[in-house]
Amino acid sequence: MKKGSSSAQTRYAATITIPRAQSIDYKKVLGESKGYERSTTEIEENVDTLDILIKSKDIGALRSAINAMMRDLQVIEGAGKE
């Protein structure tokens, strides 16, 4: 079991869905999943979308994990424009 991934500890969850660029291997760039002490992040690549599921023990951890993922996605988006 990943650190922070116990369903008994999950109190908050958010899913981010974005259009998927076929040329980017998101799992390779972002990592397949990330586990922290207070939150976990799972990535699912679909045909046309990328679904990012974030679960956390508290609202502050959820906000932090969402912000971290959004920063990572901004970097990927910016790199694709060059």
Worksheet item: What do you reckon, is LYS55 of a type in the set (Lys, Arg), surrounded by 12 or more Cβ atoms within 10 Å (Cβ to Cβ), modelled with pLDDT under 90 and within 13 Å of the chain's Cα centre (by Cα)?
Response: no
Response to the item:
For segment 1-30 the number of residues that are within 16 Å of GLU44 (Cβ to Cβ), small (Gly, Ala, Ser) and either loosely packed, with under 13 Cβ neighbours inside 10 Å or at pLDDT below 75 (or both) is 3
Worksheet item: What are the residues in segment 15-62 that are out of contact with any strand residue (DSSP E or B) (no Cβ under 6 Å at 6 or more places or on another chain) and part of a strand (DSSP E or B), if any?
Response: PRO19, GLY35, GLU45
Discussion item. I'd like the residue in segment 62-81 that is modelled with pLDDT under 85 and not hydrophobic (A, V, I, L, M, F, W, C) and, out of all such residues, is farthest from THR15 (Cα to Cα).
Written reply: LYS81
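The values are calculated or read from the model by the stated rules, or taken from the named source; none is laboratory data. Note that the structure is a prediction, hence the values are computed from the model and not measured. Cβ coordinates were reconstructed from backbone atoms using ideal geometry, including for glycine residues, and neighbour counts include every protein chain displayed.
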